[in-house]
C-alpha cells in the first residue's frame, strides 16, 4: 500500500518527485498568452507555429487544447480548414522558461498543405486556446500537390 501511495503522490501535480523537486501545477489561462503567430514556408506546406509566452505566476505545466480555423476574407470557413491539437510544455519566471520552444516548428504548428483552389482572395487563420485567441493573415499558399486530394490542415508533424 505504501508503494501505491508513492506512485499516486509522484503523479499528482505540485507533488514532490522522488528527487525532491516539485512538479509544476497546471497553467491557468492568466499565466500565458500567444506570442505573435507568423506563417512560415512556401512550397508544399505552410506552417503556423504556435508559441506561448509566460505572463505571471509560478512555474506551470501547459497542456492546452488548440483549435485553428482557416477563413476567407468574408469570414466564411474554408472547407477542411479546421484542425485541433494540444500544446504541451513548462513555462515560468526562469529565463529559459518564459516561452515555449520553437526548436521543432512542425511539432508545435498547424500545417496547411495541398491548396488547389488558386491564389486569389484573403485567407485568415484564427487560433483559439482556453481564454485566448489570435488571428493572422496568411499571405502565402501551399502548393497544389494533387488535384484529386482534398486540402490538408492538421496540427503537428505533417503525416507522411
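The values are calculated or read from the model by the stated rules, or taken from the named source; none is laboratory data. What you see is a predicted model, and the numbers here were worked out from it, not measured in a lab. Neighbour counts run over all protein chains shown; Cβ positions are idealised from the backbone, glycine included.
Residue under question is residue 121, and the condition is that it be modelled with pLDDT of 85 or more and either in a strand (DSSP E or B) or under 15 Å from residue 138 (Cβ atoms) (or both); does it hold?
So residue 121 fails the test.
For every residue, the table says whether it meets (1) farther than 14 Å from residue 102 by Cβ; (2) in a strand (DSSP E or B).
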position	(1), (2)
37	no, no
57	yes, no
63	yes, yes
66	yes, yes
74	yes, no
Need the failing condition index for residue 79 against (1) out of contact with any helix residue (DSSP H, G or I) (no Cβ under 9 Å at 6 or more places or on another chain); (2) surrounded by 12 or more Cβ atoms within 10 Å (Cβ to Cβ); (3) part of a strand (DSSP E or B); (4) modelled with pLDDT under 95, just the number.
(2)
Out of region 23-66, which residues are over 16 Å from the mean Cα position of the chain (by Cα), surrounded by 17 or more Cβ atoms within 10 Å (Cβ to Cβ) and free of Cβ contacts under 8 Å to residues at least 60 places away in the same chain?
59, 60
Residues of region 30-43 satisfying the condition of being out of contact with any strand residue (DSSP E or B) (no Cβ under 6 Å at 6 or more places or on another chain) and modelled with pLDDT under 95
36, 38, 42, 43
